[in-house]
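Here is the structure we will look at.
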Amino acid sequence: MNDKIEYWIKLAEYDIETARAMLNSRRFLYVGFMCHQTIEKALKAVISRNCEKSEIPPKIHHLLKLADRAGLYYRMSSEQQDFIKELNPMNVEARYPEYKDEIAAGLTRGICGEFITRTEEMLCWIKKQL
């Protein structure tokens, strides 16, 4: 594994650990945010595999666009595609007051636990694509 790929994967693994810590501390909004970050960074690992040595992955956070850029979106199952669509608003929208309360209201310990499980599965799948 080259250094760029390893860099992104280590960040993704750190972020899923942070999601678990946020679940334990009942900071549910940040569970979703960190799950999004995990998948974003894993996708950037795949993208960086295909980049020239000096290139970096695009500075975007939209999971569907990143999955497409990585060449993985159409290789994902419909469940995986649905999951990244569900996770996508957890990044930007969770930061703004008009969305934050609405998103937070729908998050429970059970839902967030499921987010973590599905994120771990998706991370494992993405790593196998490397």
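Mind telling me which of the residues Arg75, Arg20, Arg26 ends up being open to solvent by 70 Å² or more (accessible area, probe 1.4 Å) and closer than 17 Å to Leu130 by Cα? Give the steps one after another, and end with the answer.
Details: Arg20 fails: closer than 17 Å to Leu130 by Cα; Arg26 fails: closer than 17 Å to Leu130 by Cα.
Sole residue among the options that is open to solvent by 70 Å² or more (accessible area, probe 1.4 Å) and closer than 17 Å to Leu130 by Cα: Arg75.
Per-residue answers, yes or no, for (1) of a type outside the set (Val, Ile, Thr); (2) surrounded by fewer than 23 Cβ atoms within 10 Å (Cβ to Cβ):
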site: Ile39; (1), (2): no, no
site: Ala42; (1), (2): yes, no
site: Ala45; (1), (2): yes, no
site: Asn50; (1), (2): yes, yes
site: Ile56; (1), (2): no, yes
site: Lys59; (1), (2): yes, yes
site: Lys65; (1), (2): yes, yes
site: Arg69; (1), (2): yes, yes
site: Gln81; (1), (2): yes, yes
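Does Ile111 satisfy being aliphatic (A, V, I, L, M) and either in contact with a Leu (Cβ under 7 Å, 6 or more places away or on another chain) or under 19 Å from Leu11 (Cβ atoms) (or both)?
Details: aliphatic (A, V, I, L, M): yes; either in contact with a Leu (Cβ under 7 Å, 6 or more places away or on another chain) or under 19 Å from Leu11 (Cβ atoms) (or both): no.
When the stated conditions are applied, Ile111 does not pass them.
Do the conditions hold for Phe33, that is, is it among the aromatic types (Phe, Trp, Tyr), modelled with pLDDT under 95 and under 13 Å from Thr119 (Cα atoms)?
Working: among the aromatic types (Phe, Trp, Tyr): yes; modelled with pLDDT under 95: yes; under 13 Å from Thr119 (Cα atoms): yes.
Yes; evaluated as a whole, the condition is true for this residue.
Mind checking which helices (runs of 4 or more DSSP H) fall wholly inside region 26-91 and carry at least 3 residues that are among the small types (Gly, Ala, Ser)? Before you say what the answer is, go through the steps one by one.
Numbers: elements: 28-50, 63-69, 78-87.
Correct list: 28-50.
The values are calculated or read from the model by the stated rules, or taken from the named source; none is laboratory data. A quick note: this is a predicted structure, and the numbers were derived from the prediction, not measured. Glycine gets a Cβ as well: all are built from the backbone with ideal geometry, and neighbour counts include every protein chain shown. Remember, those area values only see protein heavy atoms, side chains included, never the ligands or the DNA or RNA. Shrake-Rupley method; radii C 1.70, N 1.55, O 1.52, S 1.80 Å.
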